[in-house]
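Chemist: I'd like to ask you about the structure that follows.
The values are calculated or read from the model by the stated rules, or taken from the named source; none is laboratory data. Being a predicted model, the structure only gives us computed values, none of them experimental. Methodologically, a virtual Cβ is constructed for each residue, glycine included, from the backbone with ideal geometry; neighbour enumeration extends over all protein chains shown. Heavy atoms of the whole protein, side chains included, go into the accessibility calculation; ligands, DNA and RNA do not. Shrake-Rupley method; radii C 1.70, N 1.55, O 1.52, S 1.80 Å.
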Amino acid sequence: QQLMQRRLDLLNHPPDNARVPANANNAALVALDPFNGQVLTMVGSPDYFDESIDGAVNGALALRQPGSALKPFTYAAAMNPTLDDPLTAATMFLDVRTGFITQKLESYIPGNYGMAEHGVVLARESLASSYNIPAVLALEHVGVDAMLRLSVDAGLDTLANRQDLDLAVTLGGGEVRLLDLTQAYAIFPNGGYRITPSMILSVQVRGGESLYTWQAPRDLLRVLDARVAYLITDILSDSDARRAAFGKPSALDIARP
């Protein structure tokens, strides 16, 4: 909670005056073990007692639009080696103004952050730099249903049976819970297995008698090819591939995958 409050203060009062204050008042945080699902930390708000930000609402369990955080699931679905024409990290995209036709036969023209376009780019750079147009191209390639199927299999259950979702879903056009999103991201470091978040390790009565003891799951469900999980992790860890959008070094360089 203290880390969250310090981070919000830093966002709202940039020390170098080079950035615009974020006017960010709320936040949530979840950390879990991607191999067994044990929740290590869950903070629902920076101050439970601050009614001005609805502090008593657990933001980690509230529905929020995830923005570009869904892009890795799009690329992972499109890299499925069982497809007739799977993408690879070296697949080339044209990052230029592109019109799409949605499932509702409506016109959809996404734009990149800052309305910048980058011409011919590799899938590696497109994902690492979080370009919007290539992400929609990747989703159009694999299909919305396939992307949603992987996302739901990984833990994003709130996206299930959503007939209203279309190409914009890869840019965050569907609401999820932070806890579910953190659970779903575990498929990348753990080699493609769905885990279930566990918040209680044991329950004991006052005298010490154990009523419940958590047991590690024996058989995990594989939802993603291990090679694809490795590729997505490698791309998200590639500071050179994201240099064009985030610079180098960037806040995403955290000294581990």
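Chemist: So, in region 169-208, exactly how many residues are open to solvent by 30 Å² or more (accessible area, probe 1.4 Å) and part of a strand (DSSP E or B)?
Modeler: Of the residues in that region, 6 qualify.
Chemist: In region 39-56, what residues are part of a loop (DSSP other than H, G, I, E, B), over 30 Å from Q215 (Cα atoms) and either of a type outside the set (D, E, K, R) or in contact (Cβ under 8 Å) with a residue 40 or more places away in the chain (or both)?
Modeler: Residues satisfying the conditions are P46, D47, Y48, F49, G55, A56.
Chemist: Based on what the data block shows, is D166 in contact (Cβ under 8 Å) with a residue 40 or more places away in the chain, in contact with a Lys or Arg (Cβ under 9 Å, 6 or more places away or on another chain), of a type in the set (D, E) and open to solvent by 50 Å² or more (accessible area, probe 1.4 Å)?
Modeler: no
Chemist: If you check P66, P81, P86, which single one turns out to be under 20 Å from A31 (Cβ atoms) and of a type outside the set (A, V, I, L, M)?
Modeler: Of the residues listed, the single one that is under 20 Å from A31 (Cβ atoms) and of a type outside the set (A, V, I, L, M) is P66.
Chemist: Then there is this: Can you pull out every residue in region 87-126 that is open to solvent by 50 Å² or more (accessible area, probe 1.4 Å), assigned to a loop (DSSP other than H, G, I, E, B) and over 23 Å from D145 (Cβ atoms)?
Modeler: Across region 87-126, the qualifying residues are A90, V96, R97, E117, H118.
Chemist: Separate question: When residues of region 166-193 are filtered for being more than 12 Å from the chain's Cα centre (by Cα) and over 15 Å from L148 (Cα atoms), how many remain?
Modeler: Result for region 166-193: 5.
Chemist: Inspect region 222-229 for any residue being open to solvent by 50 Å² or more (accessible area, probe 1.4 Å) and modelled with pLDDT of 95 or more and give the result as yes or no.
Modeler: yes
Chemist: For region 135-168, which positions are in a helix (DSSP H, G or I), farther than 21 Å from T82 by Cα and touching an Asp or Glu at 6+ places or on another chain (Cβ under 7 Å)?
Modeler: Listed by number, the residues that qualify are D157, T158, L167.
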